[in-house]
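Enquirer: Let me give you the structure first, and then I'll get to my questions.
What follows draws every value from the coordinates through simple rules; no lab data is involved. The shown structure was predicted, so the numbers you read here are calculated from the model rather than taken from an experiment. Cβ coordinates were reconstructed from backbone atoms using ideal geometry, including for glycine residues, and neighbour counts include every protein chain displayed.
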Amino acid sequence: MQKGEDTNDGRPLVTNRTMEIVVALVLLAGCTLVIYDSVRLGFGWREGEGPAPGYYPFWVAVILAVSSFINLVSAARSAGASETFVSLRPFGRVLAVLVPSLIYVALIGYIGIYVASAIFIFAFMIAVGRENPLKAIGVAAVVPVALFFMFEKWFLVPLPKGPLEAWLGY
Amino acid sequence: MDEIVSLIGGFKVALSWYNLALMIVGILLGVIIGVLPGLGGANGVAILLPLTFAMPPTSAIIMLSCIYWGALFGGAITSILFNIPGEPWSVATTFDGHPMAQQGRADEALTAAFTSSFVGALVAVVVITFLAPLVAKFALQFGPAEFFSVFFLTFASFVGMGKGSPFKVLASMCLGFALGAVGLDKVTGTLRMTFGHEELLIGFDFLIAVIGLFGIGEILSSMESGLKFSGSHATIRLNVVLQTWKHLLKLWVTSIRSCIVGCWMGITPGGATPASFMSYGLAKRFSKRGANFGKGEVEGVVAPETAAHAAGTSALLPMLTLGIPGSPTAAVLLGGLMIWGLQPGPMLFVEQKDFVWGLIASMYLGNIAGLIIVLTCVPLFAAILRVPFSIIAPIILVICAVGAYTVHNSMFDVWLMLAFGVVGYIFTKLDYPLPPLVLAIVLGDKAEESFRQAMLASQGNLSIFWSNWLVGSIMTLGTILLFWPLVTWLQDKRRSLNSRPVAASAGAAAVDKER
């Protein structure tokens, strides 16, 4: 991995300390959800059944809450100079793959996984990778076709299909 | 000597042309998976799992376990040539492997890495061959309390042997338990924590978690660090191989020590990654050339590679004999067993002899095939890394999405995979360990079931976990491991209290000298 490029990374966005606190708080929120539902289900002893269905999630959530609380306190107390969790430019690169992935997954439901994959690979190679368009078209065509034959023909595992496949008769 | 007879039977099963071909395909796929960022042993096997549904179970597991061996081999290539650990367990290999490559000794480093991986795996397979039947026979008498105690030991050892904050290990693990508890409660049939959402009925599948946490998470991390591959070329010449082998023979002490560390960490679920670090640390401490470590010492490649491979292989022992996997990849293989309709655990050795011994025999063959393939095909695999990441990243993402979809044929799982990816990215950066999370999702409901059955039998009396010497000693060992971080913390505290006056007097002495 390439390290020590802080000068090129742009402005630091979030510190590790902040992220630690956020994660601990999210986990604590999750605990309240689990404990709430465990109380509804009952977390005591039931005659003939043993521990009630909520018993195990309840205690799991209690341990999670205690650990998260300790993590929260230790993060909050480590006030001094804190390491950067992510800077502007690296965060941009993360978004450059995360946002297209979200769009890609959303597209699968409408146009099927094969066409969506082709569009995703092509767009990513052009927009993020600045690759040669011909090369992008090639890769974007070969991968879905290979997947199609592998799953639909060879292993007989059906994947989500859209209008194009319907038009082709699948 | 029943084992030898059974093993010969196993070789007869494994040595068909079909199985041999699958072995080679598996190794090749595995090395590619190990070399590529974003695809590792665990999620690589998880993604390819649906492809094996049509195969007979023995062939399927032979192929999947060979993918795993291949991934273990593959990690070393990127570590040595590119200073990029393809897998977490090969981080320690970069310390001495990459300096060697920079000095133009890449072929020596690669030969040493592959050979010691092979030695580590071979020793672990021998251990499995002779120990597994014993453990299985022993485990046939296990009741729910005994099973729970083994689960307890498994998770306690994550806390006791993990690096970093024990509370992060606990948090990660309990998050896994909580996610695993979502859905239908198998004991009473009640719905838990679904909050009226039908998608949550079947719960969170750990395969989705594996693909998301390890696959998508790693893609995000790789993108963040703006991965550019720049590495040395390497082809391996036969005379270098022979010379390195001669040199390796002299390092037999390190090899044996690393094998012991690896097998121990693999059987108790410490896993391959801590095993490799521990073995590297021990080698550095005990070697005569310890001061040279980090500058390109062959011993510094041998130690972590042997231990990682020994641990990765022996992690299959508890998976086969007790149904309790020692690593995320072993957990995925366990998931495979259940999908093919085999119940992992001690009965496997009684009811599915052909399957078990076929698998064990394939471990011997797979590793020999693996060694030959990686030694001869290094330039090919190194070329894969020169493909730009902007081509590899979307393809891996597509493969992950396909893999996640095929687990239950559900789009909800694909969304879930992305969510797990973000969690994996954040957790890795904050040092929350991922393997306990994954194993908790897999084993949570089984641990709960054995706990509830044990409680029912004892009418709620916890003393059932100390009712005989076997369950009592496992529980006690687990408790010690669970509180181990506390012991080391107290030790550190006492040491720092003691050392302060010493340091002060040493300082005073230095001042005296100056006068």
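Enquirer: Compute the projected area of the convex hull of the Cα atoms of chain A, averaged over all viewing directions, and report it in nm² to one decimal place.
Expert: Hull-based average projected area comes out at 17.2 nm².
Enquirer: A further question on this structure: Report the one residue of B:F465, B:V240, B:L437 whose Cα lies farthest in the direction of the positive end of the charge dipole of the protein assembly as shown (charges on C-beta: Lys and Arg +1, Asp and Glu -1; origin at the Cα centre).
Expert: The residue sitting most towards the positive pole is B:V240.
Enquirer: Now for a separate question. Once both labels are modelled 7 Å past Cα along the beta-carbon direction, what's the B:S458-A:K153 spacing in nm?
Expert: 6.0 nm
Enquirer: Also: With a cut-off of at most 15 other beta carbons within 10 Å, and DSSP calling the residue loop, which trypsin sites (Lys or Arg not before Pro) in the range B:369-478 qualify? Please list them.
Expert: Counting only loop positions with at most 15 other Cβ atoms within 10 Å, the trypsin sites (Lys or Arg not before Pro) in the range B:369-478 are B:R386.
Enquirer: For the range B:2-493, take every pair of Cα atoms, bin their distances at 10 Å starting from 0, and report each bin as a whole percent.
Expert: 4, 20, 31, 28, 13, 3, 0
Enquirer: Something else now. For the range B:193-313, restrict the atom set to alpha-carbon positions and state the Rg and Dmax in Å.
Expert: 20.4, 67
Enquirer: I would also like to ask the following. What lysines could a cross-link reach from A:K161, if we take a straight Cα to Cα line under 22 Å and drop same-chain neighbours fewer than 8 places away?
Expert: Straight-distance partners of A:K161: A:K153.
Enquirer: Same structure, new question: What does the structure give for B:207-220 when I average, per residue, the other chain Cβ atoms found within 10 Å of the residue Cβ?
Expert: The per-residue average across the peptide is 1.
Enquirer: Note down the magnitude of the dipole of chain B about its Cα centre, charges +1 on Lys and Arg C-beta and -1 on Asp and Glu C-beta and zero elsewhere, to the nearest 20 debye. Walk me through the numbers before you get to the answer.
Expert: On the way: 28 positive and 26 negative charges, 328 e Å.
With Lys and Arg at +1 and Asp and Glu at -1, about 1580 debye.
Enquirer: Under 19 Å from the Cα of B:K353, which lysines turn up, not counting those fewer than eight places away in the same chain?
Expert: B:K12, B:K137
Enquirer: Could you give the C-alpha radius of gyration of the range B:1-149 expressed as a fraction of 2.2 N^0.38 Å, taking N as the number of residues it contains?
Expert: 1.23
Enquirer: OK, next. Farthest toward the dipole's positive end in the range A:87-168, which of A:I113, A:A166, A:F124, given Cβ charges of +1 (Lys, Arg) and -1 (Asp, Glu) about the Cα centre?
Expert: A:F124
Enquirer: Charges at C-beta only: +1 for Lys and Arg, -1 for Asp and Glu. How large is the resulting dipole of the range A:13-86 about its Cα centre, in Debye rounded to 20?
Expert: Result for the range A:13-86 is approximately 160 debye, rounded to the nearest 20.
Enquirer: For a protection proxy built on the mean count of beta-carbon atoms within 10 angstrom, sort B:211-224, B:362-375 highest first, please.
Expert: My ranking of the peptides, most packed first, is B:211-224, B:362-375.
Enquirer: Can you compute 3J(HN,Hα) from phi for each residue in the range B:318-325, using the Karplus curve 6.51 cos²θ - 1.76 cosθ + 1.60 with θ = phi - 60°, rounded to whole Hz and x for Gly and Pro?
Expert: Couplings: x, 5, 6, 8, 10, x, 10, x Hz.
Enquirer: Can I ask one more? Residue by residue through A:149-158, how many Cβ atoms from other chains fall within 10 Å of the Cβ on average?
Expert: 3
Enquirer: Right, another one. Among all helices in chain B defined by DSSP H, which have a length of 30 Å or more along the axis from Cα atoms plus a Kyte-Doolittle mean of at least -1.0?
Expert: B:57-82, B:106-139, B:353-384, B:435-458, B:484-514
Enquirer: For a quick size check, give me the Cα extents of the range A:87-168 along its three principal axes, largest first, whole Å.
Expert: In descending order, the Cα extents are 45, 26, 22 Å.
Enquirer: Taking amide H atoms as placed 1.01 Å from N in the peptide plane, list the residues 5 or more away in sequence, or in a different chain, whose amide H sits under 5 Å from that of A:R46.
Expert: Residues meeting the criterion, in which the H sits 1.01 Å from N, are A:A52.
Enquirer: Which residue, B:T94, B:S287, B:W17, has the largest displacement toward the positive end of the dipole of the protein assembly as shown when charges sit on each Cβ (Lys, Arg +1; Asp, Glu -1)?
Expert: Final value for the positive-end residue is B:S287.
Enquirer: Right, something else. Name the helices (complete DSSP H segments) of chain A with a Cα length along the long axis of 20 Å or more and a Kyte-Doolittle mean of at least 1.6, or state none.
Expert: Qualifying helices: A:88-127, A:133-148.
Enquirer: Roughly how many nanometres apart are two label points built 7 Å out from the Cα toward the Cβ at B:L470 and B:N498?
Expert: 4.1 nm
Enquirer: Please list the non-local residues whose amide H lies under 5 Å from the amide H of A:T15, H modeled 1.01 Å from N, same-chain partners needing a gap of 5 or more.
Expert: A:F85
Enquirer: Roughly how big is chain A's charge dipole about its Cα centre, with Cβ charges of +1 (Lys, Arg) and -1 (Asp, Glu), in debye to the nearest 20? Show your work: numbers first, answer last.
Expert: Working: 12 positive and 11 negative charges, 65 e Å.
That gives a dipole near 320 debye.
Enquirer: Pick out, in residue order, every one of the trypsin sites (Lys or Arg not before Pro) in the range B:250-343 that is DSSP loop and has at most 11 other C-beta atoms within 10 Å; say none if there are none.
Expert: B:K288
Enquirer: Further question: Can you list residues whose amide H is under 5 Å from B:L184's amide H, if they're 5+ apart or on another chain and H is modeled 1.01 Å from N?
Expert: B:R192, B:G203
Enquirer: Let me ask something additional. In percent, what relative contact order does chain A have, based on Cα pairs under 8 Å that are 6 or more apart in sequence? Numbers along the way, then the final one.
Expert: On the way: 163 pairs, mean separation 38.2, N = 170.
It comes to 22 percent, rounded to a whole number.
Enquirer: Which shape class, rounded, prolate or oblate, goes with the protein assembly as shown when its Cα gyration tensor gives a ≥ b ≥ c as root eigenvalues, a/c under 1.5 marks rounded, and past that a/b bigger than b/c marks prolate?
Expert: On the way: a/c = 1.13, a/b = 1.01, b/c = 1.11.
Note, shape of the protein assembly as shown comes out rounded.
Enquirer: Follow-up question, since we're still on this one. I need to check one value: relative contact order of chain B, counting alpha carbon pairs closer than 8 Å and at least 6 residues apart, in percent.
Expert: Working: 895 pairs, mean separation 146.9, N = 515.
29 percent.
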